[in-house]
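The values are calculated or read from the model by the stated rules, or taken from the named source; none is laboratory data. Small disclaimer: the values here were computed from a predicted structure and weren't measured. Ideal geometry is used to build each Cβ from the backbone, glycine not excepted, and the neighbour counts take in all protein chains shown.
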Amino acid sequence: MKFIVVGGKGESNISELNAFHAALADAGIAHLNLVGVSSILPSNAKEIKNKKILTKIKPGTIVHCVISKASSTKRSLVLAGLAYGLAKKHGLIIEGSKILSKENQKLEKEFKKELTEKFKECASISNIEVKKINFKIEKLKIKKKYGCAVVILLFL
């Protein structure tokens, strides 16, 4: 099984839905039908880094994924992120999101720390040992009426 992790940001003066669609477009996946699944990576999963593979997927294709989404309104800072890693038995994907009223480097670092702590606890519950935790985080300071940041792991 292969997977890819993408992120995007979008804004709209019309609606939160349009901001989400813009974030999907920014991530290169607005042409796909996304179906959310729980947060387990198969042990044989292999990460693909080249986003060009996404252009080869036909529009309307149903793709299973794990989604982290943060949406809010003007002047907010939104953070969306995933922590993911593989072990012999299986791997994990942990989602997180945060909405801040202003930019704050300390709170942004705490967000990554929260993802790490969530990941470690889930690994302990699952009785697996992950050697390396990977992170993908998107942040957006919203200037329009609505904004959205997404990070999505797609199973290919």
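Please enumerate the residues belonging to the stretch 131-156 that are at pLDDT 95 or above, within 16 Å of Tyr84 (Cβ to Cβ) and either exposed (fewer than 15 other Cβ atoms within 10 Å of the Cβ) or out of contact with any Asp or Glu (no Cβ under 7 Å at 6 or more places or on another chain) (or both).
If the condition is that a residue be at pLDDT 95 or above, within 16 Å of Tyr84 (Cβ to Cβ) and either exposed (fewer than 15 other Cβ atoms within 10 Å of the Cβ) or out of contact with any Asp or Glu (no Cβ under 7 Å at 6 or more places or on another chain) (or both), then Lys132, Ile133, Asn134, Phe135, Lys136, Ile137, Glu138, Ile152, Leu153, Leu154, Phe155, Leu156 are the ones that fit.
Would you mention how many residues in the stretch 141-156 are touching a Phe, Trp or Tyr at 6+ places or on another chain (Cβ under 8 Å) and small (Gly, Ala, Ser)?
So the count comes out to 0.
Restricting to the stretch 69-86, give me the number of residues that are buried (at least 17 other Cβ atoms within 10 Å of the Cβ) and outside any strand (DSSP E or B).
Total satisfying the criteria: 2.
Taking the stretch 53-62 as the region of interest, how many residues are over 18 Å from the mean Cα position of the chain (by Cα), outside any loop (DSSP other than H, G, I, E, B) and farther than 17 Å from Gly7 by Cα?
1
Counting just the residues of the stretch 35-52 that are assigned to a loop (DSSP other than H, G, I, E, B) and not polar (S, T, N, Q), which one comes out surrounded by the most Cβ atoms within 10 Å (Cβ to Cβ)?
Ala45
So for the stretch 8-19 (the condition being surrounded by 20 or more Cβ atoms within 10 Å (Cβ to Cβ) and under 16 Å from Gly96 (Cα atoms)), does at least one residue qualify?
yes
Could you say whether any residue in the stretch 18-34 is assigned to a strand (DSSP E or B), at pLDDT 95 or above and over 28 Å from Glu129 (Cα atoms)?
yes
Kindly provide the set of residues from the stretch 98-145 that are outside any helix (DSSP H, G or I), within 18 Å of Ser68 (Cα to Cα) and among the aliphatic types (A, V, I, L, M), ordered by number.
Ile99, Leu100, Ile133, Ile137, Leu140, Ile142, listed by residue number.
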